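Report on one structure; see the data block that follows.
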Amino acid sequence: MPDTFPTSGAHTRMGSNSGQPMTRRDGLAKVTGTATYAADNRPEGVLHAVYAMSSEARGQVTSLNVAAALAHPGVVHVMTPENRPPLARDPDSKPGGMALRTEALQDNSVRYVGQPIALVVAQTLEAATEGAALLSPTYAVEPARIGFDGGEAFETDSTGFGSPPTVNVGDIEAGRAAGTHHFDATYETPLQYHNAMEPHAIVAEWDGDHLTIDTPNQAIVMARGAFADYFDIPAENVVLRSPYLGGGFGSKALPIGPQLLTILAARELQRPVKLALRRDQMFGPVMHRGATRQRLRLDMDETGQLTAIDHHTTATTSSFDTFIEGASAASRNTYASPAIATSHSGVRVDTGTPGAMRAPGEATGSAALECAVDEAAEVMGLDPLEFRLRNYAETDPQTGKAFSSKALRECYALGAKSFGWENRPLAPRQMRDAQGHLVGWGMGTALFAAHMNKAEARAVLRADGSAMIATAGADMGQGAWTALAQIAADGLGLGIDQVEFRSGDSTLPNGGVAGGSGHTATAGSALFAAGEGVIRKLADLATEDPESPLFGAGNAGVVARDGRLHRADDDSRSQSYSEILRNAGVEELEGKGEGARDPGHAEARAMFSHGAVFAEVKVDPELGQVRVTRLIGAFAAGRIINPHLARSQLLGGMIWGLGFALMEEGIHDKRTGRPVNGDLAGYHVPVNADVPMVEALMVHEDDDFVNPLGVKGVGELGITGSVGAIANAVWHATGVRPRSFPIHLETLIG
Amino acid sequence: MNLFDYIRPTSLDEAIAAGATPGAAYLSGGTNLLDLMKIGVKTPATVVDITRLPGLDSIERLADGATRIGAMVRNSDLAHDSDFATAYPAVAEALLSGASGQLRNAARLGGNLMQQTRCAYYQDPKSACNRRAPGTGCAAIGGETRNHAVIGWSDQCIATHPSDFCVPLAALGAVVEIAGPDGTRDLPIDQLHLLPDAASAGGMALHPGELITGLRLPPEAAGFRAYSRYLKLRERTSYAFAIVSAAAMLRIEDGVILEARLALGGVAAKPWRRPEAEAMLRGTKPDAETFHAAAKALMAGAKPSGDNAAKITLAKRLATRALQRAAEGTPGVMPALPASVFPSEPTDRGDHADA
Amino acid sequence: MTLSISLIVNGEQKDIALEDPRATLLDVLRDRVGLTGTKKGCDRGQCGACTVLVDGRRINSCLALAASQDGAEVTTIEGLATGDDLHPLQAAFIEADGFQCGYCTPGQIMSALGLIREGLADNDPERIREGMSGNICRCAAYQGITEAVIKGHKAMTDTGESQI
């Protein structure tokens, strides 16, 4: 960490880039088709790989017709468990932290439909595809276990990647006893699949024991290390390039079997090999959101104050690995209650292993909690917003700590006002439009932790006064190319066009993880610190140079702005960066920075982004067809680096909420475990016509504790709150309480 | 996809000769055939590209008032042909509610009539399917059946026909023009898609080597232009197959229904129409109860083929609604959301304020 | 069997010896012509990422056999900008933030161009939303996309370009 790290409020070196609604710096490349995604790489002599998928959910592969595949014109290699070269790391190992088991032909067993059972490499994609089909596998099939009631229940010792499954506050029995009104209901959410528009892809090429891979990744340097482990080479020997991800949403951080097999094939054949998953292969080995069954028990006193929240989640995971959707965690930090009990258990089913999918735990937990709170408000005869205000958490319900910042009250007020909430009738089925469609209004609270991980950055100020600054960041659409460059330019006191920002490549300093909505905060902090490191050195040069107008001002006595250092006490005395360097005879100055949360602040404060989402739906009373006609969110997420892009992130999250509420559902046949809607015609995500009106408003929030930049995160916040808001609006329109997602239209007709 | 021979004949005779060889498949827009080839459901030895056959791409009004549409006319061209859309507004609405702008540009009339079911088990070559592989059974029965048939099904097959286009065509009594090794023939559209029965899974009534060359809408079909609607329930606002759809057309004079047409999509292996239901409306005044009675008659004998009983209720209600909307008169302009039960949302609700 | 086909891609004639009749227009554009701007999202006509114009109409290039397109004029995302001058739709997509990850963007823009040329969208946002619904954006930049189509269309109309 740098020796001094001023907080954002007092920080005078912050320039004019952050806070500006700049358009995307990668926009030009993306609208002209020149942005290079992994599968767009076409090295000379590249071969195409396709993996054969298991059509069975459980059992053993008993035969593969390798000869038929090899006989197909153009097929050059078939890799099966018989001939798969060894991997230095067991695909079934979990070295800790963020890791999951994966399938890389370690044996003949089959543990879910869609698992790789062979890799076929050919001169053309067409030949590889058909070669994989010609393998015509046979199986010894065991019965598939699908669904809550088909799987094997177990007690889990973790949720997500190692979070505690059980957190209790206060005395739940006493809280329950103190309640005069009681509410108890169970909610279900289905399997959901990330389905980023870009299917996972990799182009792998070896040069001796050096490996270059083009593959989309959300945690570039971490993944580099993991790939190196599998191939027993030093991490430095792996170059992972991921300048653009065609969406990630949590599914593109961990190495997966098909990538490992492609790298093996490239080494075996001494040729570059490309593999891109087909869309149907996005329903197997690339994680998903596990299904949840959530029981919520809320107890209230006469005034409508919660006396107890009891939230238990059962979530599905695979037969061979554990990732439990930590849905109950939503109840730990949202509403005040003297007693809170949150717990989880698991059910093992024959699907791939779930993983982090946009707001993992928070999305499902918020969906159930916000519905339950709405139902509790109905029990109390209270307006849902009033009920939420009566249970407003002034301090973190889980820890009792003060919030680093929390402008949720302002979000409620702004959202309600923009939406026109005050005109809402309390009872359902009170509003109709001119065509006779039922109209309903609902709301939900959005909450997402302000995570940070660790990142590093390096900045170099050049003789001409421009700078290069780098971190291995990942832009999966959230806008890292732009927002991180804005922060970096501010750290350097330069206009953004004077800064060459390098990112998306594992040869650069560790940019941490684009996940947990913490990338801007983490990588941004590192970049800012790196720039600041340069400026500090530059200030030393200038203030120690008797010829400089800044002589004697002292390091802290100068301000960096637009490529010049100014005296803090006399703005008219300044000197350009290039002149300072020239006078000092220095070619370039280097600075390094790290981004991580101040442990003291982390210990003292609870840190979350907040928001309030309001939804209007129309429902056909006889036919149950639903359309979300308005969706308005107001969010407070600390300092907003780029309002233009942050808004897009929030809107995207809210529309994910819409998809969650009304359509997304991965359905597996209960007998075979096969996805019956494993494509984009069957697995519905929202289309343009689903979204006639959506708006994200931002509430100003200063936060001196989350990090020096005051940045929280917006990537996952929007999905929380939105699901509940829509479901609650559906109730308000129809009088039917949705307790199972997605809300099927036939459940809304009498 | 298997390797195949690709040929592009220049005459209909040449095409039929090629199409009659074992394992041949006709390729028109490709939006269904190519898709089925990619997932291994269709494995033709020869692909006979008929997209450039001469004389199949026009829309003509015949002397007797009928309309003939060539098999290679694109969905989008047909829907946007103003004479056609004016005469057969429910057909245009159905076309525009199907698939996407891109798919409608590629898909051709003939291929659309030949469209295969979207049953997930039909689409999975590993699953038993009497329709795809006669005698193997029906994996859909006992499986995930929310989208499956509720009328006209048998233990052989519970799949539904997915087309929007065919629903109003069936209501209007369209006639399919077919050419094949044994010459040409006409087939009422009602007989093109075969329902399953105790012995067979149904499917298409075309013989090997036959292809669709065109479609005729009989003269009386243009008589419903003033009172026509197509409505469609689906899981999202656009770009989704119907859960249930309904085409309703009325001929009304002096407030009395002289003739009615009514067909449902998404409920059976073919567009579902029953003349006796339509007959109930003849001579009546447009009225919700009569409409509901007709809808009930249309769905009489319906039974769930699985977890899909709600579709029966939905089908009756949607048929009733479509009749009501039709009786209100054909919209002056094509709705912004074709076939939606919702009208267009106003545009001045905060978005695009500066547009 | 080798098929010889010829395509006019972005105004340039491409003679292609097609060794494999299975190749789709999408894969030929990406792997043979070397234009990787057109993206593969589903390969089954279910997402719109591969949208190109063929003879002026927008289609899913993943569901078109290349062999069947012999002689066609194909316009891809690479054919829109003139040198450094962006097509008005491209500029509008940047301005309105009509994308996030960018993967569906070439298809969105080509679809928007096709929609405008179809002359049916007018400036009615609801018709544009419906007309653009064959292009899935998982980042859900739909509001920006709709705004970009309106802005781009206006700019095209101002320059007479939509008539082309």
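The values are calculated or read from the model by the stated rules, or taken from the named source; none is laboratory data. All values reported here derive from a predicted model rather than from experimental measurement. Methodologically, a virtual Cβ is constructed for each residue, glycine included, from the backbone with ideal geometry; neighbour enumeration extends over all protein chains shown. Ligands, DNA and RNA are excluded from the accessible area calculation, which covers all protein heavy atoms including side chains. Shrake-Rupley method; radii C 1.70, N 1.55, O 1.52, S 1.80 Å.
For the residues of A:70-79, the average number of beta carbons from a partner chain within 10 Å of their own beta carbon is 1.
Taking both sides together, the accessible area buried where A meets B is about 3500 Å² for a 1.4 Å probe.
Distance between the C-alpha centres of the stretch B:128-189 and the stretch C:1-78: 32 Å, rounded to the whole angstrom. The distance linking the stretch A:276-336 with the stretch B:212-240 is 44 Å (Cα centroid to Cα centroid, whole angstrom).
Relative to one another, the C-alpha centroids of the stretch A:346-366 and the stretch A:39-92 are positioned 29 Å apart.
On C-alpha positions alone, give me the angle between the axis of helix B:310-327 and the longest principal axis of chain B, in degrees, nearest 10. Roughly 60 degrees between the two axes. Only protein heavy atoms count here; on that basis, with a 1.4 Å probe, A:T292 has an accessible area of about 0 Å². Could you sort out which of A:K712/C:K40; B:K232/B:K296; A:K274/C:K39; B:K232/B:K270; A:K670/B:K311; B:K311/C:K40 sit more than 26 Å apart by Cα distance in this structure? The pairs that break the limit, which is 26 Å between Cα atoms, are A:K712/C:K40; B:K311/C:K40.
Share of the stretch C:88-163's accessible area from carbon and sulfur, percent, 1.4 Å? Walk me through the numbers on the way to the answer.
On the way: 840 of 1770 Å².
That share works out to 48 percent.
Taking all Cα pairs closer than 8 Å and separated by 6 or more residues, the relative contact order of chain A comes to 17 percent. Pop out a list of residues from the stretch A:15-42 that are at least 10 Å² less accessible with all the protein chains around than in their chain alone; 1.4 Å probe, no ligands or nucleic acids counted. With the partner chains in place, the stretch A:15-42 has these residues losing at least 10 Å²: A:T23, A:R24, A:G27, A:L28, A:K30, A:V31, A:T32, A:G33, A:Y37, A:A39, A:D40, A:R42.
Leaving ligands, DNA and RNA out of it, report the carbon-plus-sulfur percent of the accessible area of the stretch B:53-220 at a 1.4 Å probe.
Details: 2810 of 5630 Å².
Here carbon and sulfur together make up 50 percent of the probe-accessible area.
The residues of the stretch B:25-62 occluded by other protein chains by 40 Å² or more of accessible area, set against the chain on its own, are B:L34, B:D35, B:K38, B:R52; surface from heavy atoms, 1.4 Å probe. Ordered by 1.4 Å accessible area with all protein chains kept, A:E547, A:E188, C:E12 run largest first as A:E547, C:E12, A:E188. Of the residues in the stretch B:137-175, those shielded by at least 30 Å² of accessible area once partner protein chains are present, compared with the chain alone at a 1.4 Å probe, are B:E144, B:R146.
Taking chain B as a Gaussian network of alpha-carbon nodes connected by springs under 10 Å, the highest mean-square fluctuation of the residues B:V91, B:V150, B:V175 belongs to B:V175. Here the simple spin-label model places points 7 Å from the Cα toward Cβ, and for B:D186 and B:A199 these points are separated by 2.9 nm. Here the stretch A:175-327 has 47 percent of its accessible surface on carbon and sulfur atoms, given a 1.4 Å probe and all protein chains in place. The antiparallel fraction among DSSP beta bridges confined to the protein assembly as shown stands at about 80%. In the context of the full protein assembly, B:R52 retains an accessible surface of approximately 110 Å², using a probe radius of 1.4 Å and ignoring ligands and nucleic acids.
Measuring only protein heavy atoms, the 1.4 Å probe finds A:V349 accessible over about 0 Å². Partner shielding of A:477-485 amounts to 2, given as the average count of beta-carbon atoms from other chains within 10 Å of each residue beta-carbon. Rounded to the nearest 10 degrees, the angle from helix C:105-118 to the longest Cα principal axis of chain C is 80 degrees.
With a simple spin-label model that places each label point 7 Å from the Cα along the Cα-to-Cβ direction, the separation between A:A602 and A:S572 comes to 4.8 nm.
In the context of the full set of protein chains, the protein assembly as shown has a per residue accessible area of 32 Å² (1.4 Å probe).
With both partners inside chain B, how many of the DSSP beta bridges are antiparallel, as a percent to the nearest 5? Walk me through the numbers before you get to the answer.
Working: 40 of 47 bridges.
Of all bridge pairs located within chain B, approximately 85 percent are antiparallel.
Helix-only mean residue ellipticity at 222 nm, the protein assembly as shown, DSSP H runs n ≥ 4 weighted -39,500 (n - 2.57), per residue, nearest 500. What is it? So the calculated ellipticity at 222 nm is -7500 deg cm²/dmol.
Comparing B:H207, B:H193, B:H292 in a Gaussian network model of chain B (Cα springs below 10 Å), the most mobile by mean-square fluctuation is B:H207. Here the relative contact order of the stretch C:88-163, from alpha carbon pairs under 8 Å that lie six or more residues apart, stands at 49 percent. What is the interface area between chains B and C, defined as buried accessible area summed over both chains with a 1.4 Å probe, reported in Å² to the nearest 100? Chains B and C together bury roughly 3600 Å² of accessible area. Summarising the label geometry, the points placed 7 Å from Cα in the beta-carbon direction at B:R61 and A:Q430 lie 5.5 nm from one another. For the residues C:G98, C:G41, C:G11, a GNM of chain C with alpha-carbon springs under 10 Å puts the largest fluctuation on C:G11.
Where both residues lie in chain A, what percent of DSSP beta bridges are antiparallel, nearest 5? Antiparallel bridges make up about 75 percent of those DSSP assigns within chain A.
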